[in-house]
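Peer 1: Right, I'll just put the structure down here and ask away after.
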Amino acid sequence: MAAEAGLGKSRLVQECIAMAEEDGMAVLRGRATQAGAAVPFRPLTEALFSIVRSGAVPDDPDLAPYRPTLGRLIPEWRDAAPYASDDSPVVLAESVLRLLGVVGRGRGALICLSDLQDCDAETMAIVEYLVDNLAGLPVLLLATVRSTPSPALRLAHSSARHRVARLLELTPLTDPQVAQLAAGCLEVGEAELPAGVLRWLTQSADGNPFIVEELLRGGVDAGALARTESGWQLVGGIPRDLPSTVAASVNDRARRLGPQWHRALQAAAIIGRRFPLDVLQSVCGLSDDELHALVRAGTEAQLLEPSRTAPNWCTFCHGWAAEALAGGVLPGERRALAAAAAAAVEALSPELPGELCQLAARLRLGTGDEPAAGLLYAMAGRRALDDGAAASAQRLLERVLELIPAHSHAARRAEVLESLLYALTEAGDVEQALRRGADLYGSVLLAPQQRAELLTRLAWVCVVGNHWEKAAEQVALARRLLSDDASPAHLAPLDVVEAHLLTLAGSQGDDRAARAEELALRAVRTAEEVALPATACQGRQVLALLARRHSFDDADVHLRHMFATADAHGLPIWRLRAQIRLATNELMRTGQAEQILLARQAALALGAVTAGSQADSTMAMQHVLYCEFDQAEALADRLLEASTRMHQEGESQFCLVIKIAAQAHQGRREAMRAILAEFRQRGGEQSFHAPVVFGHRAICALLGEDRPGAEAEMARVREWERTHPTIYYQSGRYGLGVLLEVLAGRAGEELLAETRAAHAAQLRWNLQFVLAAEAVLLGRAGRADAAADTMARARAAAAPFPMARHLLLRLVAEAALADGWGEPVDWLRAAEQHFHGVDVAAIAGACRALLRRAGVRVMQRRTGIGAVPAQLANRGVTAREFEVLTLLGERRGNPEIAKLLFISPRTVEKHVASLLDKLDRADRHELSELLSNLLL
């Protein structure tokens, strides 16, 4: 709802609330104020307080992982987690969305947010998130905004254009509506309005209902409009002085309370539209009884409104009232009152919690002391950054740089700039961070060491934003500024940044990896000596990634150090990251999921939604390997929905990898291709997920008996990993690809020995294929017993993976038949039974063909006659003919049908001719149309 001030937004909101409450809906209400414009999340905090105080939030398990994050808005919930929660602003928005969905379940919820033109950027981001994602939830968002330009108004218009919201724009009252309002206020009929009153109101109020009411109230209070025995009368003609001075009406009303209260209200207006009562009490020297009397009198005069959420605060009912009262104070007296109020704020609450810090800064600015105001805004900006309110922090810190002189406060400005770079990074504005840091190298106001520290921070900004070349430039500049005898404590953060840069950027190479490891080790040693725990955790993280190349056990050593450091220094998110990586390594080694499930529970208890989602995605991929496809896809769909809504592209890409894998491991090539299209659209083939997708496509090709296609996919894996750092170790390079090369006769003991030397070959998913390749080579060398024993070990490694286990049997049995070792007939029978049971026809047919080649009598597999539609069965269509008809419906040619059903093309022709005769159709096209109609 958009309108100018005073056009009735608040009145309409009240009516909507009354209707909602009458219908039994939950109602949440919050309001932004000018005084608290830069205080993050204030309107939302007020709205959520209203529902929490009523006890209307159920103890819903769906809210469990979000309660710690919501603790940033609802302090009573902060005890829900022993450590810090996930500080992502997107996660906070999702948490609010989940809470509203739970509150409105079964009865509906109305959330009213008023005066959003005055709200902070973080609140606007959450409001925008809610507008985009409330569809389907039992929640109505009603927001009001003034029609002057603001981010809130732009959001209102864009949401209306995109039809995700309805915009109601209030317009001034027409003359007849002004007459109706005036008559209602005076409790008379429109015909009974005094002569000249309507003309006075229409000319003076411009259709603004608030001014209409204020004019009438002021006229009555001043005696210019009086009730007589014959009705309302204008006394002395139209009161022309009132229309131009609504402020005079406000001041007059305040004066009628008495000189003491008038002066106190003026002092309150100097403090702000929303002000703390204890500060006003200190400035005016009021006793407790006098303070309470002032609030009562101001409330009765409709000037003040006690805060619903903070008992020690009070608000002027209208901004006009505060402006009118403050405007009556002389400039010198204004500065004196602002100084007294600032001193009172700092004395009463020395730590300046919450919005008191910005209130003190604004008051100091009102006294003309810009440096003092700037230092206070700097404190507020750093606090906003700690709370995850990056946009508010950015705005506050940029203002600090305007207020603090560079020539006299260079060191303070450097600290502010470092915090600003953090804020810009968190806000995702890497380009502006780079612009802000562009002049650091040449600055003469900062010592070289200070410039190097800021450049290090800027380099990390570039790493986070994947600006590899720019990150390298900042690292080089920082190193030039640091002397040879620079303190190791200043070098450690820079070393960590460069180690990440060498590990993640550019092509793979042992020299880059060795340099990265050297830097990370040096940084970790220094960080652990001089107590830089976050830097130590960063270093251990990159060391664990590098150690994977040689040994996952060595990687675990670094992760355990990381866990211990984070635990000792109260860094819960870093501790959780270590726990999840440890659990993931254990899962890859053993195929067992117990540890990753425990890590997921830890993430939920901590309120780390993003980390919990990462554990979920790891588990979803494991469901695919376990052939628990329904669970995998359901979890992937849920994660994809959330990550897409939260604009987490990397996580969204991996969710699509899971869905691709689920289809590939069931041999569903067409379904897999459809998901691949979305994966490409999201840039997946340029991401680190690409080789994993190639590996799963190879499996899909094998299930379709397309050996050349599988080999081509594995060639793509090798080419990708030749030019990119190895991030994932289950793409097939250390497992399936080796087996295919051995089966094709292109590789032997040399490749097998090279693969076995890699620790990744011992991961359970890879190990099954490596052992199978070894068994094939042993059998080919005539060592039948050793081959059989090795194959038994391969089958044991494959035990948790039903599809992979039977795929191994099919692939190795063919070689075993040729070389005369093992139990290929039993293996083929087991594989054929499995793949027939899961309806992967091509590989099941291949198993039957191999059994026939081995001279084994094979029972024909037919889709039961009960699977043939009754209309076809009644006309004599057999199960085999129905199989052919189904493939015809997929527009397949005779050679492809023959290959899929393991019959000859000539036999296919006979079945097609029989179908044409039995079903009285002229050609294959009509057969396909018949099938389509039957399946509708």
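The values are calculated or read from the model by the stated rules, or taken from the named source; none is laboratory data. Just so you know, these numbers come straight off a predicted model, no measurement behind them. For neighbour counting, all protein chains shown are included, and Cβ atoms are generated from backbone atoms with ideal geometry for every residue, glycine included.
Peer 1: Could you say whether any residue in region 81-96 is modelled with pLDDT of 90 or more, assigned to a loop (DSSP other than H, G, I, E, B) and assigned by TED's automatic domain parsing to the domain that holds F41?
Peer 2: Scanning region 81-96 turns up no residue that is modelled with pLDDT of 90 or more, assigned to a loop (DSSP other than H, G, I, E, B) and assigned by TED's automatic domain parsing to the domain that holds F41.
Peer 1: What number of residues within region 876-899 are under 46 Å from the mean Cα position of the chain (by Cα), closer than 17 Å to E705 by Cβ and among the basic types (K, R)?
Peer 2: 1
Peer 1: Then there is this: Please pick out the residue among L348, L359, L337 that is under 20 Å from V400 (Cα atoms), in contact (Cβ under 8 Å) with a residue 12 or more places away in the chain and not hydroxyl-bearing (S, T, Y).
Peer 2: L359
Peer 1: Residues A523, A536, A527: which one is in contact with a Cys (Cβ under 9 Å, 6 or more places away or on another chain) and buried (at least 22 other Cβ atoms within 10 Å of the Cβ)?
Peer 2: A527
Peer 1: A further question follows. Go over the candidates L604, L597 one by one and state the one that is aliphatic (A, V, I, L, M), part of a helix (DSSP H, G or I), modelled with pLDDT under 85 and not assigned by TED's automatic domain parsing to the domain that holds Q768.
Peer 2: That would be L604, the only listed residue that is aliphatic (A, V, I, L, M), part of a helix (DSSP H, G or I), modelled with pLDDT under 85 and not assigned by TED's automatic domain parsing to the domain that holds Q768.
Peer 1: For region 299-337, give me the residue count where each residue is touching a helix residue (DSSP H, G or I) at 6+ places or on another chain (Cβ under 6 Å) and part of a loop (DSSP other than H, G, I, E, B).
Peer 2: Residues that pass the stated criteria total 6.
Peer 1: With respect to L225, determine if the residue is over 24 Å from the mean Cα position of the chain (by Cα), over 30 Å from R395 (Cα atoms), crowded, with 21+ Cβ neighbours inside 10 Å and free of Cβ contacts under 8 Å to residues at least 24 places away in the same chain.
Peer 2: no
Peer 1: Is it true that some residue in region 112-128 is buried (at least 17 other Cβ atoms within 10 Å of the Cβ), part of a strand (DSSP E or B) and of a type in the set (S, T, Y)?
Peer 2: There is at least one residue in region 112-128 that is buried (at least 17 other Cβ atoms within 10 Å of the Cβ), part of a strand (DSSP E or B) and of a type in the set (S, T, Y).
Peer 1: Hey, among R697, R718, R722, which residue is in contact (Cβ under 8 Å) with a residue 60 or more places away in the chain, within 24 Å of A758 (Cβ to Cβ), assigned to a helix (DSSP H, G or I) and basic (K, R)?
Peer 2: Going through R697, R718, R722 in turn, the sole match is R722.
Residues are listed down the side, and each one gets a yes or a no for (1) surrounded by fewer than 17 Cβ atoms within 10 Å (Cβ to Cβ); (2) of a type outside the set (F, W, Y); (3) not in a helix (DSSP H, G or I):
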position	(1), (2), (3)
A160	yes, yes, no
A165	no, yes, yes
L173	no, yes, yes
A179	no, yes, no
A182	no, yes, no
A191	yes, yes, no
A195	yes, yes, yes
G207	no, yes, yes
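Peer 1: Six or more apart or on different chains, Cβ atoms under 8 Å: show the pairs whose first residue is in region 728-747 and more than 25 Å from A555 (Cα to Cα) and whose second is in a loop (DSSP other than H, G, I, E, B) and modelled with pLDDT under 90.
Peer 2: Close Cβ pairs (under 8 Å, with a partner that is in a loop (DSSP other than H, G, I, E, B) and modelled with pLDDT under 90) amount to E741/A747; V742/G748.
Peer 1: What is the one condition in (1) free of Cβ contacts under 8 Å to residues at least 60 places away in the same chain; (2) surrounded by fewer than 21 Cβ atoms within 10 Å (Cβ to Cβ); (3) of a type in the set (A, V, I, L, M, F, W, C) that L888 does not satisfy?
Peer 2: (2)
Peer 1: With respect to L545, determine if the residue is buried (at least 21 other Cβ atoms within 10 Å of the Cβ), outside the structural domain of E754 (by TED's automatic domain parsing) and out of contact with any Leu (no Cβ under 7 Å at 6 or more places or on another chain).
Peer 2: yes
Peer 1: Given the options R413, R383, name the one that is in a helix (DSSP H, G or I), within 26 Å of T45 (Cβ to Cβ) and out of contact with any Phe, Trp or Tyr (no Cβ under 7 Å at 6 or more places or on another chain).
Peer 2: R383
Peer 1: Among the residues of region 645-660, are any basic (K, R), surrounded by fewer than 22 Cβ atoms within 10 Å (Cβ to Cβ) and outside any helix (DSSP H, G or I)? Write out each step before concluding.
Peer 2: Going residue by residue through region 645-660, those that are basic (K, R) are 645, 659.
The next check asks that each one be surrounded by fewer than 22 Cβ atoms within 10 Å (Cβ to Cβ); those that pass are 645.
Retained after the next criterion (residues that are outside any helix (DSSP H, G or I)): none.
No, there is no match, as no residue in region 645-660 is basic (K, R), surrounded by fewer than 22 Cβ atoms within 10 Å (Cβ to Cβ) and outside any helix (DSSP H, G or I).
Peer 1: State whether the residues of region 244-253 include one that is in contact with a Cys (Cβ under 6 Å, 6 or more places away or on another chain), closer than 25 Å to D118 by Cα and touching a residue at least 12 places away in the same chain (Cβ under 8 Å).
Peer 2: no
Peer 1: Could you grab me the full set of residues in region 104-144 that are within 17 Å of L70 (Cβ to Cβ), more than 22 Å from the chain's Cα centre (by Cα) and of a type in the set (D, E, K, R)?
Peer 2: R105
Peer 1: Follow-up. Is region 796-818 home to any residue that is over 21 Å from Q730 (Cβ atoms) and among the charged types (D, E, K, R)?
Peer 2: Yes: region 796-818 contains one or more residues that are over 21 Å from Q730 (Cβ atoms) and among the charged types (D, E, K, R).
Peer 1: Conditions first: (1) modelled with pLDDT of 90 or more; (2) charged (D, E, K, R); (3) over 21 Å from A341 (Cβ atoms). D278 passes all but one, so which condition is the exception?
Peer 2: D278 satisfies every listed condition except (3).
Peer 1: Suppose we filter A815, A798, A842 for residues that are surrounded by 20 or more Cβ atoms within 10 Å (Cβ to Cβ) and in contact (Cβ under 8 Å) with a residue 60 or more places away in the chain; which single one remains?
Peer 2: Working: A798 fails: in contact (Cβ under 8 Å) with a residue 60 or more places away in the chain; A842 fails: surrounded by 20 or more Cβ atoms within 10 Å (Cβ to Cβ).
Matching residue, one of A815, A798, A842: A815.
Peer 1: Considering every residue within region 123-138, establish whether at least one is in contact with a strand residue (DSSP E or B) (Cβ under 6 Å, 6 or more places away or on another chain), modelled with pLDDT of 90 or more, of a type in the set (A, V, I, L, M, F, W, C) and over 15 Å from A156 (Cβ atoms).
Peer 2: no
Peer 1: If you check Q579 against the conditions, is it within 23 Å of the chain's Cα centre (by Cα), without any contact (Cβ under 8 Å) to a residue 24 or more places away in the chain and crowded, with 23+ Cβ neighbours inside 10 Å?
Peer 2: For Q579, the condition - within 23 Å of the chain's Cα centre (by Cα), without any contact (Cβ under 8 Å) to a residue 24 or more places away in the chain and crowded, with 23+ Cβ neighbours inside 10 Å - is met.
Peer 1: Of the residues T123, T148, only one is touching a Phe, Trp or Tyr at 6+ places or on another chain (Cβ under 6 Å) and assigned by TED's automatic domain parsing to the domain that holds G104; which?
Peer 2: After applying the criteria, what remains is T123.
Peer 1: Now for a different question. Of the numbered conditions (1) in contact with a Gly (Cβ under 8 Å, 6 or more places away or on another chain); (2) surrounded by 20 or more Cβ atoms within 10 Å (Cβ to Cβ), R805 satisfies every one except a single condition; which is it?
Peer 2: With (1) in contact with a Gly (Cβ under 8 Å, 6 or more places away or on another chain); (2) surrounded by 20 or more Cβ atoms within 10 Å (Cβ to Cβ) applied to R805, the lone miss is (1).
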